[in-house]
Amino acid sequence: MDNRITYHRHVFAWVFPIVWASVILALSLLPLSGQSVFTVKHFDKISHFIEYAVLSLLMVRSFRHAGSLPFAKSSLFTLILGGGYGILMELAQRFVPGRDANLHDAAANIAGLAFGIILGKLFYYGRNKTVQRVIVRQG
């Protein structure tokens with residue numbers, strides 16, 4: 001029974017990153033035509049940064065909950081997997097009408113991943129255990 005719960009925990013931990021990666025895939029492979037509807041300067045770089053920061057945060061969380069990996073390993077795996085995915089999405093855009101592979105977009109993807117890792121450190125690895133104990137005792 002315990003093994004089944006552990007298995008489901010490991011599988012379920014990866015649902016959100018996989019769903020978010022699928023959203024990124026869909027957005028990356030949508031054909032574009034003409035002018036962008038967004039007038040904010042560098043909107044595409046900002047959106048890449050945010051998309052991959054969220055992906056990174058979800059991945060760090062999954063590594064933490066599913067595998068109980070130390071922060072350094074989960075960060076490295078997140079950068080390798082997320083960075084590879086981001087570069088692959090940029091290369092795939094070469095074959096989509098109205099899109100192109102852009103080195104600056106790939107850099108925004110990786111910067112977003114790094115930012116997400118920092119947030120993951122704060123949210124999932126950086127909690128002070130003393131503070132947690134005090135909260136539990138008071139509750």
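Every number in this text was worked out from the coordinates using simple rules, so none of it is lab data. Keep in mind that this is a model prediction, so the values were computed, not measured. Every residue, glycine among them, receives a Cβ derived from its backbone with ideal geometry; neighbour counts consider all protein chains shown.
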* Asked: Residue-wise, which Karplus ³J(HN,Hα) couplings in Hz belong to region 93-107, taking 6.51 cos²θ - 1.76 cosθ + 1.60, θ = phi - 60°, and x for glycine or proline?
  -> 5, 4, 9, 9, x, x, 10, 8, 7, 10, 5, 5, 5, 4, 5
* Structure fact -> Note, region 48-57: 3J(HN,Hα) by Karplus (6.51, -1.76, 1.60, θ = phi - 60°), whole Hz, Gly/Pro = x, goes 4, 4, 5, 4, 7, 5, 5, 4, 4, 4
* To do: Add +1 for every Lys or Arg and -1 for every Asp or Glu among the other residues with Cβ under 15 Å from the Cβ of Asp100, and state the total.
  => 0
* Gap separating the Cα centres of region 41-65 and region 86-121, nearest whole Å -> 10
